[in-house]
Amino acid sequence: MSRSARRTEEPGYRRLASHLRDAIRDQRWAEGEALPTDGELGQEFGVSRQTVRRAYLDLVNEGLVYRVPGSGTFITPSHLRYRRPFETVDDLLGLADDTELEVVQPLAGAFDPDAVRALGLTSRLMYAMRFVRRHRGTVFCHTSVYLPPAVGQLLEGEPTFGETGATTTTTVIGAITARGVQLNGAEQTMTARAATETDRERLGCDVGHPLLHIERLYVDSSGAAVEWAVSDFLPEHYTHRLHLGRRRSTPSSMTAERPSMKGTPS
């Protein structure tokens with residue numbers, strides 16, 4: 001079967017996404033210029049609004065465009081088209097390669113009831129710090145990190161975590177593993193929420209702006225919690241992708257493959 005024949009058999013949204021992708025790469029629209037609306041594209045190509053929305057979603061997931069409710073769809077500025085897949089803890093440690101952390105609240109003793117539950121602590125003692133993370137100078141998330149007492153004490157000597165405004169490419173979990181803690185993995189939950197005044201100050205967005213809220217609980221080789229990280233991402237600079245596959249099955253058993261998580265700061 002020829003390539004053109006295969007393309008003709010593709011779903012309509014994929015053909016439209018491919019056309020838009022080529023048009024963007026050919027610079028048909030300038031950065032900052034709104035792309036055609038769902039209705040305009042639907043009329044031009046004779047497809048439904050749902051097909052247009054699905055095509056745009058593919059481009060959003062690729063980090064090529066972003067959508068602003070009430071304003072339209074825009075091309076992601078070329079300097080912000082940053083994509084990094086996250087499938088393992090090693091991928092998360094790789095954030096140190098090309099992003100920078102800036103301390104908002106230095107590492108210190110703290111208390112948070114949600115962190116107590118997440119970390120499985122039996123006392124009110126814990127450590128916490130807050131920071132924003134940038135890629136090429138652009139803030140794309142802010143994070144609160146909570147640590148059990150023994151882990152927090154390991155990082156007390158880390159100078160870049162102890163001063164407001166300090167910057168470093170080191171990740172907190174990277175600093176923990178560098179001190180001999182053996183990680184076994186992380187559990188992640190993801191929701192969406194509206195930005196608050198605090199988010200506005202840290203991320204530079206409007207109050208009410210949609211944010212991607214991600215919580216990660218890291219555990220060591222014994223299964224004990226070593227870090228609970230709570231992050232809020234600007235969706236125009238970060239895309240979270242979920243790949244669902246299937247395991248091979250036997251006639252007597254059909255089991256779905258465990259999903260792999262991919263997160264992409266754009």
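Tabulated values for the structure
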{"item": "Number of positions in the range 46-59 that are surrounded by 15 or more Cβ atoms within 10 Å (Cβ to Cβ) and assigned to a helix (DSSP H, G or I)", "result": "8"}
{"item": "Every pair of residues 6+ apart whose Cβ atoms lie under 9 Å, when the first sits in the range 205-222 and is small (Gly, Ala, Ser) while the second is assigned to a strand (DSSP E or B)", "result": "208/194; 221/183; 221/184; 222/184"}
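Conditions tested, residue by residue: (1) modelled with pLDDT of 90 or more; (2) in a loop (DSSP other than H, G, I, E, B); (3) not hydroxyl-bearing (Ser, Thr, Tyr).
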position: 122; (1), (2), (3): yes, yes, no
position: 142; (1), (2), (3): yes, no, yes
position: 165; (1), (2), (3): yes, yes, yes
position: 170; (1), (2), (3): no, yes, no
position: 176; (1), (2), (3): yes, no, yes
position: 180; (1), (2), (3): yes, yes, yes
position: 186; (1), (2), (3): no, no, yes
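The values are calculated or read from the model by the stated rules, or taken from the named source; none is laboratory data. Treat the numbers as computed from the prediction; the structure is a model and nothing was measured. Quick reminder, even Gly has a Cβ in these numbers, built from the backbone with ideal geometry, and neighbours come from all protein chains shown.
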